[in-house]
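The values are calculated or read from the model by the stated rules, or taken from the named source; none is laboratory data. What you are looking at is a predicted structure, and each value in this text was computed from that prediction instead of being measured. Virtual Cβ from ideal backbone geometry, glycine too; neighbours counted across all protein chains shown.
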Amino acid sequence: MSGLRILVDADACPVKDEVYKVAWRHGTPVKVVSNARIRVPDHPLVERVLVSDAFDAADDWIADAADERAVVITGDILLADRALKKGATVLAHTGKPFTAASIGGAIATRAIMADLRAGADGITGGPPPFAKADRSRFLQSLDAALVRLARLG
């Protein structure tokens, strides 16, 4: 088992700056995983992981690296499921935790919404707009997750 760390599914992550802020306060390493070169702070705790542009390459890298000492940050429900199965703590960009109890319902809802969008003209969807309250909730959730995992040793 590796040390405590944060794995960020970075391509569409709106809370990267918040991740850095909390990680630095806790002294926790961050791996920012993407299939396109993105800017990351020049800081010893932050590492950019550039993967190929193959379908799900970033998700595969994160799922392979996830374990009981990892906090995975993602909005991707299927990646969240894979990371949970590896024992990781998983947070959405809004700070809402994905859990073993909630992931099945999230996957089912995702499938239903995809079917509705595919079958009806004009139906679009997606999450509600990202709000200031989401940022605040995310900061609190990430901080709490790191504190909990640090206590576990």
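When THR99, THR89 are checked against the criterion of being of a type in the set (S, T, N, Q) and either within 11 Å of the chain's Cα centre (by Cα) or modelled with pLDDT of 90 or more (or both), a single residue qualifies: THR89. Is one or more of the residues making up the range 12-23 crowded, with 19+ Cβ neighbours inside 10 Å and modelled with pLDDT under 95? Scanning the range 12-23 turns up at least one residue that is crowded, with 19+ Cβ neighbours inside 10 Å and modelled with pLDDT under 95. Of all residue pairs spaced 6 or more apart or on separate chains, those with beta-carbon atoms under 6 Å, a first member in the range 137-150 that is modelled with pLDDT of 95 or more and a second member that is charged (D, E, K, R) are PHE138/GLU18; LEU139/GLU18. Entry remark, the range 24-37: residues being part of a loop (DSSP other than H, G, I, E, B) and either modelled with pLDDT of 95 or more or in contact with a Gly (Cβ under 8 Å, 6 or more places away or on another chain) (or both) number 3 in total. Candidates ASP67, ASP9: the one that is in contact (Cβ under 8 Å) with a residue 60 or more places away in the chain and under 13 Å from the mean Cα position of the chain (by Cα) is ASP9. When the residues of the range 38-84 are filtered to those that are under 22 Å from LEU149 (Cα atoms) and assigned to a loop (DSSP other than H, G, I, E, B), the one that is modelled with the lowest pLDDT is GLY75.
Exactly one residue among LEU79, LEU45, LEU50 is on the phi < 0 side of the Ramachandran plot, among the hydrophobic types (A, V, I, L, M, F, W, C) and under 13 Å from the mean Cα position of the chain (by Cα), and that residue is LEU79.
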